[in-house]
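What follows is a set of notes on a single structure, which appears directly below.
The values are calculated or read from the model by the stated rules, or taken from the named source; none is laboratory data. In this text the structure is predicted, and so the values were computed from the model without any measurement. Don't worry about glycine lacking a Cβ; one is built from the backbone with ideal geometry, like all the others, and counts go over all protein chains shown.
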Amino acid sequence: MSTRKVTLNCAHIKESDLSVVDDLARMQVEARRCGCEVHLEDVSGELLDLICFAGLDGALGVEVERQPEEWEQLRGVEEERELDDPPL
């Protein structure tokens, strides 16, 4: 069975609070029961923060791009990796 995608434009949401996040999560659950998947579009920064705080960014189809920390930018810190073996 193929999943139909429904796009929800969130630009009209003026006040972001956890009740909005709850409504979006419930909408996603109902959509999945009907064989659909809701994708959020034009999500405000405040609403995105609340969705991530609630841990629902994956369930609600919201991708968050990680921003480098200030100290990472200043020092040019790279992601952690394993060092090579030192020569004998």
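The rows are residues; the columns are (1) in contact with an Asp or Glu (Cβ under 6 Å, 6 or more places away or on another chain); (2) under 17 Å from K5 (Cα atoms); (3) among the β-branched types (V, I, T).
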position: V21; (1), (2), (3): no, no, yes
position: A25; (1), (2), (3): no, yes, no
position: Q28; (1), (2), (3): no, yes, no
position: R33; (1), (2), (3): no, yes, no
position: E37; (1), (2), (3): no, yes, no
position: L48; (1), (2), (3): no, no, no
position: C52; (1), (2), (3): no, no, no
position: G55; (1), (2), (3): no, no, no
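Determine if segment 15-36 includes at least one residue that is modelled with pLDDT of 90 or more, touching a Cys at 6+ places or on another chain (Cβ under 7 Å) and among the hydrophobic types (A, V, I, L, M, F, W, C).
Looking through segment 15-36, none of the residues is modelled with pLDDT of 90 or more, touching a Cys at 6+ places or on another chain (Cβ under 7 Å) and among the hydrophobic types (A, V, I, L, M, F, W, C).
Please go through segment 18-49 and pick out each residue that is part of a loop (DSSP other than H, G, I, E, B) and touching a helix residue (DSSP H, G or I) at 6+ places or on another chain (Cβ under 7 Å).
Within segment 18-49, no residue meets the criteria.
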